[in-house]
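The block underneath contains the structure these notes are about, expressed in structure tokens.
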Amino acid sequence: MSNHLRTQSLVFGIPWPELNEGLFYSDVVPHSDSELTLIDFYSRKYKNSAPLQGWLQRIQNGQISVDGRVVKDPNTILSGDSVLVYHRLPWKEPDVPHLLEVLYEDDDMVALNKPSGLQVLPGGLFQQRTVLTQLCWSVKKQNSTLNSQETHPVPVHRLGRGTSGILLCAKTKVAKTRLAAYFADGTSRVRATSNRKAERSGTRKISKIYRALVTGILVDDKVIINQPIGIVRYPGVAKGLYVASPSGKPALSKVEVLERDEKQNCTLVQVEIESGRPHQIRIHLSFIGHPLLGDPLYIAGGQPRCFDPELVDESFAQDGGYQRPTNPVPGDCGYYLHAHQLVLSHPTTNEMISITAPLSSILQTSDEANGSLGSMSVNSAN
């Protein structure tokens, strides 16, 4: 990617290798944990990574070193300040797209069209096959013959793995700070009032509009959803699952019906989010009884399809970690949600920039399908 303004389509990406490089996790034993055995340390501190038997397998497989020496005895007594390193062996990550389209680029930022299925940042099964990795590889490829210390662009917000569309990335520290502040400010402006409704205040420097296809027919042409979003325990999601919750944090979504399909019993909608809670659109639309078409996780009410917070599967996979959950998890794909339009104040020039990502045919209105309204466009105005 060049450092010049780019408004013409560019596609980049390097095919994924068969296996990733594995991971190394380091710990320094605190004095409060001295005299613990190796198995006790890992099975207590990282019980969300693997069950007891899984950690035993990893230790006996020689995947953990203590002060630079591989230790296979799980009953080894630890000393304070000892350095522990766990090597997660390389594995084949699930198949995902590798190509990314550039929608807009200048010296400060780049807007990508993220395909559905590609995760933005490393996490879970996806440690290599991410947008961040492709950005890093792209810069390295360009500078392979140069002695350059140029850093790669970094995403300043997230899109769900199954969500496609505009992903904004910063190319400088100043741009990263200011763009991240734009997103954080949008969420902070949605504040809870005494009656638990959410309201918007002030002028925002960024606006995000999504397209979504939902189940059922929305009766009202416009709907404002201000349901708070909180976290509950959920099998297979270590940090908990985001759901509609009266005790959660305030969130605000504005929904507008674009087209109703009585025959297929679905509705095409446009959603502007005034806050940026995780999975907000999926949760809000399901909360009002219209989950995204094909969403494997959220159902009417903004709750998960399968929910038993006490269920924990103690079986473990070949690498010692937990088996992939049989219940749906947030990263599962299948739904139709696209970050379609983004309008923002440029982080250094304050010029208003408008970016539009192309729509797939299923997310186009009849008029758009018959014309060119779903094509990519980038506009700016003073």
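The values are calculated or read from the model by the stated rules, or taken from the named source; none is laboratory data. Since the model is a prediction, treat every value here as computed from it, not as a measurement. A quick note on method: Cβ atoms are made from the backbone with ideal geometry, for glycine too, and the neighbour counts reach across all protein chains shown. For accessibility, only protein heavy atoms count, side chains too; no ligands or nucleic acids. Shrake-Rupley method; radii C 1.70, N 1.55, O 1.52, S 1.80 Å.
Amide hydrogen proximity for residue 337: with H placed 1.01 Å from N in the peptide plane, the residues at 5 or more positions away or on another chain lying under 5 Å are 164. Placing 343, 329 in order of accessible area, with the largest value first and a 1.4 Å probe, yields 343, 329. Here the accessible area is traced with a 1.4 Å probe on the protein chains. For segment 112-183, carbon and sulfur cover 54 percent of it.
Would you work out if segment 192-306 is rounded, prolate or oblate? Take a ≥ b ≥ c from the square roots of the eigenvalues of the alpha-carbon gyration tensor; rounded if a/c is under 1.5, else prolate when a/b is larger than b/c, oblate otherwise. Note, shape of segment 192-306 comes out oblate. With 21 Å as the limit, write out which pairs from 140/173; 114/239; 114/176; 141/171; 47/239 have Cα-Cα distances beyond it, or answer none. Beyond 21 Å between Cα atoms: 114/239. Just how far, in whole angstrom, is segment 228-266 from segment 88-108 if you go by their alpha carbon centroids? Value for the Cα centre distance between the two parts: 26 Å.
Leaving out ligands, DNA and RNA but keeping every protein chain, what accessible area does residue 352 have, in Å² rounded to the nearest 10, with a 1.4 Å probe? Estimated to the nearest 10 Å², residue 352 gives 80 Å². Listed values for segment 34-51 are Karplus-derived 3J(HN,Hα) couplings in whole Hz (6.51 cos²θ - 1.76 cosθ + 1.60, θ = phi - 60°), namely 5, 6, 6, 7, 4, 5, 5, 4, 6, 5, 8, 6, 10, 5, 7, 8, 7, x, and x replaces Gly and Pro. In plain terms, the chain from residue 46 to residue 354 could stretch by 106.5 nm, reckoned as 0.36 nm per residue minus the Cα-Cα distance. Among 237, 255, the sequence by solvent-accessible area, most first, with a 1.4 Å probe is 237, 255.
Annotation: lysines with alpha-carbon distance below 16 angstrom to residue 222 (same-chain offsets under eight excluded): 254. Accessible surface computed residue by residue for segment 1-125, with neighbouring protein chains in place and a 1.4 Å probe, gives 51 Å² per residue. Heavy-atom accessible surface of residue 56, to the nearest 10 Å², is about 40 Å², with a 1.4 Å probe and all protein chains retained. When nucleic acids and ligands are ignored and a 1.4 Å probe is applied, residue 81 ends up with an accessible area of around 90 Å². Annotation: aspartates and glutamates with alpha-carbon distance below 15 angstrom to residue 208 (same-chain offsets under eight excluded): 185, 256, 272, 274. The phi-based Karplus calculation (6.51 cos²θ - 1.76 cosθ + 1.60; θ = phi - 60°) puts the 3J(HN,Hα) values of segment 57-64 at 4, 5, 5, 5, 8, x, 9, 10 Hz, whole numbers, x for Gly and Pro. Taking a Cβ cut-off of under 15 Å around residue 78, the surrounding Lys, Arg, Asp and Glu residues balance to a net charge of -3, with basic ones at +1 and acidic ones at -1. Ordered from highest to lowest accessible area with the whole protein assembly present and a 1.4 Å probe, 114, 205, 72 read as 72, 205, 114. With θ taken as phi - 60° and the Karplus curve 6.51 cos²θ - 1.76 cosθ + 1.60 applied, the whole-hertz 3J(HN,Hα) list for segment 65-76 is 10, 10, 6, x, 10, 5, 10, 10, 8, x, 9, 4 Hz, x standing for glycine and proline. Backbone amide hydrogens, once placed in the peptide plane, bring residue 266 within less than 5 Å of 216, 261, excluding anything fewer than 5 places away on its chain.
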